[in-house]
Each structure stands twice: as structure tokens, then as C-alpha cells.
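The values are calculated or read from the model by the stated rules, or taken from the named source; none is laboratory data. Because the structure is a prediction, the values reported are computed rather than measured. Quick reminder, even Gly has a Cβ in these numbers, built from the backbone with ideal geometry, and neighbours come from all protein chains shown. Calculation scope for accessible area: heavy atoms of the full protein, side chains included, ligands and nucleic acids excluded. Shrake-Rupley method; radii C 1.70, N 1.55, O 1.52, S 1.80 Å.
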Amino acid sequence: GEMPHFGNNISIEASQILFTGVAIKNSIKNAEVAYQKTKMQKLKCKQDIKFALLREYLQIFHLENQKEIYSKNIIQTQKLVDDILLKAQEGLALKNDITRYELQLQNLQLALTQVKNNLTTAQNRLRILLELPTNTKIKIDKQIINELPIPKEENEWLTIAIATSPDIRLAQLQKEESENSLKIVRAQKIPTIVAFAGDKLEGPITIEVPPINKNLNYWYVGVGVKYNIASLYKATREERQASLGRQIANENEKLAMEELEIKINETWTRFNESFSILETHKKSLELANNNYEIVNNRYLNDLALITDMLDASNSKLSAELQMADSKINILMLYFNLCRSSGTL
């Protein structure tokens with residue numbers, strides 16, 4: 001018969017998975033876990049950056065204190081050199097005394113030069129980290145050492161750390177991800193059930209002889225079962241691998257908890273100890289200042305040797321440096337505790 005010169009074939013089909021052995025559900029969970037892991041990694045990175053910036057900032061503070069202390073001691077030493085020179089003119093001081101204090105003065109000036117160079121380097125390093133313009137000078141707020149943090153109990157720090165530490169949260173998310181992955185692998189052993197429905201329009205009708213130049217429309221619905229035969233060979237091996245991954249994730253979580261507890265304990269111990277060190281340095285500075293005043297008065301009255309004066313001056317300088325460093329060390333340990341607990 002006469003065959004039509006054109007034809008059409010239009011079809012549409014929709015399907016809905018009814019059951020996959022929770023594979024889809026756990027795949028969605030793993031996607032959410034991956035997102036949470038990214039957030040935790042970002043938070044951990046921010047904590048590390050903050051701590052690095054604080055460390056550089058406190059280093060500048062430390063060097064500024066050293067600069068101030070050395071400058072003050074240089075002025076005092078220069079004054080003593082001038083006094084010794086006057087005594088030498090009167091025949092009351094030996095040339096050896098002058099040489100010793102001039103050597104002390106040179107050492108202080110060299111130390112001050114080194115501190116200034118280190119300060120310039122530290123300023124430049126922090127400026128680069130903060131992406132500030134060239135020649136920017138960072139000023140230090142010296143009030144921060146007047147309000148030192150109050151120590152908390154170790155258990156309180158540990159409780160906070162367990163709840164907020166990015167490392168612990170990452171280990172927990174890794175454990176959750178491994179459990180979901182194991183469920184996905186096990187779901188491969190289970191057939192997939194799918195519901196489907198469709199509609200099809202086609203023409204001409206070629207099953208008739210002669211062909212009929214009309215369209216034929218029909219629809220269908222049904223339920224299908226699919227099963228991947230290859231899973232019989234692959235699923236068992238993949239399940240062993242996923243089980244091992246879950247076991248590793250569990251051990252990593254325990255290890256993260258142990259490492260966190262050790263880190264909190266060590267940092268808290270040093271932090272608590274730093275207040276005792278501060279009190280000791282306060283007392284040492286007080287004694288060094290009193291000793292310096294006594295020896296200085298005795299020396300001016302020709303009742304002490306130049307070596308006594310040098311010892312007193314060095315003790316005073318050392319006590320001043322230790323006092324300044326002890327306060328900065330308290331702040332550094334406190335910020336380290338905050339970083340370890342995820343609260344920085």
C-alpha cells in the first residue's frame with residue numbers, strides 16, 4: 001500500500017526509585033558531611049591564622065619592651081660612665097674602671113641595635129601577613145598586659161575543647177562518613193526497586209498492512225527490579241575495605257581525643273605555672289632594683305667596687321627583661337589554650 005511520507009515518534013517516561021537499600025539516603029548524608037568537613041577545615045585554618053598573627057604581634061610587643069629596657073639602661077650606664085670620668089679626673093677612679101663600663105655600654109648599644117633590627121623584621125613580617133601597605137608601622141597596645149586572663153580549671157578547658165575543637169569535630173565527621181560509606185557498599189547487595197510510568201505517541205501505524213496514516217497513543221505504568229550481578233563479586237571486597245575504613249576512623253577519633261587531652265593538660269600546666277613565674281619575677285625585679293640602688297649609692301660614696309656595680313646593673317637588666325617576658329608568655333599560653341579548644 002501507499003506509505004506516508006513522514007512520521008513522528010514522541011515519548012515521555014518518568015521513574016521513581018522506591019528502594020535502594022538506603023544507598024541514596026546515605027549518599028546525601030555523606031554530601032552533607034563533606035560540607036561540614038569543609039567548614040571545620042576552614043575554621044581550623046582561621047584559628048591557625050589568628051594564632052600566627054597573635055604570635056607575631058606579641059613578638060613585636062616583646063621586642064618593644066626589650067628596646068625600652070635597653071634604652072633606659074643605656075642612659076643609666078652613660079650617666080655612670082660620665083660620673084666615672086669625673087672621678088678619674090680627680091684621681092678617684094682607675095682607667096680600668098672606665099674601660100669596664102664603656103665595654104658594658106658598648107654591649108648594651110649592640111644589643112639595642114640587634115633588637116631594633118629584629119623589631120623591623122617582625123614589623124615587616126606582620127605587615128605582610130596582614131597585607132598592609134609598605135612602610136606601615138604597627139603600634140602595640142601596651143594595656144593588654146595590664147589585664148591578664150584569669151586561669152580556669154583544666155577540666156573546664158577540656159570540656160570546652162571537646163565541644164568546639166575543629167580537630168575533634170573533623171574526626172567525628174570522618175567517622176560518620178565512614179559509617180555511611182559502609183552502608184552504601186552493603187546496599188549494593190540489595191536489589192533496586194523502581195516505579196515507572198510513561199506515554200508514547202507515534203505514527204504512522206506501521207503494524208497494519210497497508211500502513212495507516214494515523215497516530216497511535218499508549219501509556220504504561222509498572223514496577224521494576226534491578227540487580228547488579230557484578231556486586232556479587234565486588235561488594236564483599238568493598239565491604240571489607242569500608243569496614244576497615246570505619247575502624248580506622250574510630251581509632252582516629254580516639255587518638256584525636258587523647259592528643260587533645262594531652263595538649264590541653266600540657267598547655268594548661270604551663271599557663272598555670274606562668275603566674276607563679278610572674279610573681280617570682282616581680283619579686284626578683286624588686287630585689288634587683290633595691291640592690292642596684294644600694295650598690296649605686298655605695299659606689300658613688302666610694303664604698304663599692306666597679307665590679308659590684310656591673311653585677312648590680314646586669315642583675316637589674318636581666319630582671320627587667322624577665323618581668324616583661326613573663327607577662328607576654330602568659331598571653332601567649334592563654335591564646336594557645338584558646339586555639340587548642342577551638343575558641344580563639
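Yes or no, residue by residue, for (1) of a type in the set (Val, Ile, Thr); (2) open to solvent by 90 Å² or more (accessible area, probe 1.4 Å):
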residue	(1), (2)
Leu54	no, no
Gln114	no, yes
Asn118	no, no
Asn124	no, no
Thr136	yes, no
Leu148	no, no
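Every listed requirement among (1) at pLDDT 85 or above; (2) within 27 Å of Lys37 (Cα to Cα) is met by Thr120 save one, (2). You will find that of Asn252, Asn265, Asn296, Asn289, the residue that is part of a helix (DSSP H, G or I) and crowded, with 18+ Cβ neighbours inside 10 Å is Asn296 and no other.
I'm trying to understand the selection: among the residues of region 157-186, which are under 23 Å from the mean Cα position of the chain (by Cα) and open to solvent by 90 Å² or more (accessible area, probe 1.4 Å)?
As a first pass, look at region 157-186 and keep what is under 23 Å from the mean Cα position of the chain (by Cα): 157-175.
Correct list: Thr159 only.
Specify which of the listed residues (Leu129, Leu86, Leu63) is touching a helix residue (DSSP H, G or I) at 6+ places or on another chain (Cβ under 9 Å), aliphatic (A, V, I, L, M) and surrounded by fewer than 17 Cβ atoms within 10 Å (Cβ to Cβ).
Values: Leu86 fails: touching a helix residue (DSSP H, G or I) at 6+ places or on another chain (Cβ under 9 Å); Leu63 fails: surrounded by fewer than 17 Cβ atoms within 10 Å (Cβ to Cβ).
Step by step, each of Leu129, Leu86, Leu63 is checked, and only Leu129 is touching a helix residue (DSSP H, G or I) at 6+ places or on another chain (Cβ under 9 Å), aliphatic (A, V, I, L, M) and surrounded by fewer than 17 Cβ atoms within 10 Å (Cβ to Cβ).
Does region 49-72 include one or more residues that are hydrophobic (A, V, I, L, M, F, W, C), in a helix (DSSP H, G or I) and more than 23 Å from Ile140 (Cβ to Cβ)? Give the steps one after another, and end with the answer.
Residues of region 49-72 that are hydrophobic (A, V, I, L, M, F, W, C), as a first pass: 49, 51-54, 58, 60-61, 63, 69.
Within this subset, residues satisfying the condition of being in a helix (DSSP H, G or I) are 49, 51-54, 58, 60-61, 63, 69.
If we keep only those that are more than 23 Å from Ile140 (Cβ to Cβ) as well, we get none.
No, every residue in region 49-72 fails to be hydrophobic (A, V, I, L, M, F, W, C), in a helix (DSSP H, G or I) and more than 23 Å from Ile140 (Cβ to Cβ).
Each residue in region 273-292 was checked for being touching a residue at least 12 places away in the same chain (Cβ under 8 Å) and farther than 11 Å from Ala319 by Cβ, and 4 of them qualify. Of all residues in region 212-249, how many are under 29 Å from Gln16 (Cβ atoms) and part of a loop (DSSP other than H, G, I, E, B)? So the answer is 5.
Out of the residues in region 300-313 that are touching a residue at least 40 places away in the same chain (Cβ under 8 Å) and assigned to a helix (DSSP H, G or I), which is most open to solvent (accessible area, probe 1.4 Å)? Steps first, answer last, please.
At the first step, the residues of region 300-313 found to be touching a residue at least 40 places away in the same chain (Cβ under 8 Å) are 300, 302, 306-307, 309-310, 313.
Next, from what is left, pick out any that are assigned to a helix (DSSP H, G or I): 300, 306-307, 309-310, 313.
Numbers: Leu300: 75, Ile306: 9, Thr307: 49, Met309: 0, Leu310: 26, Ser313: 7 Å².
Ranking the qualifying residues of region 300-313, first place goes to Leu300.
Of the residues Gln89, Gln106, the single one that is modelled with pLDDT under 80 and out of contact with any strand residue (DSSP E or B) (no Cβ under 7 Å at 6 or more places or on another chain) is Gln89.
Is there a residue in region 329-339 that is touching a Lys or Arg at 6+ places or on another chain (Cβ under 6 Å), open to solvent by less than 50 Å² (accessible area, probe 1.4 Å), in a helix (DSSP H, G or I) and closer than 21 Å to Cys45 by Cα? Yes - at least one qualifying residue is present in region 329-339.
Restricting the first member to region 239-255 and to residues that are at negative phi, and the second to residues that are hydroxyl-bearing (Ser, Thr, Tyr) and open to solvent by less than 100 Å² (accessible area, probe 1.4 Å), the beta-carbon pairs closer than 6 Å and six or more apart or on different chains are Ala242/Ser181; Gly245/Ser178; Arg246/Ser178; Ala249/Ser178.
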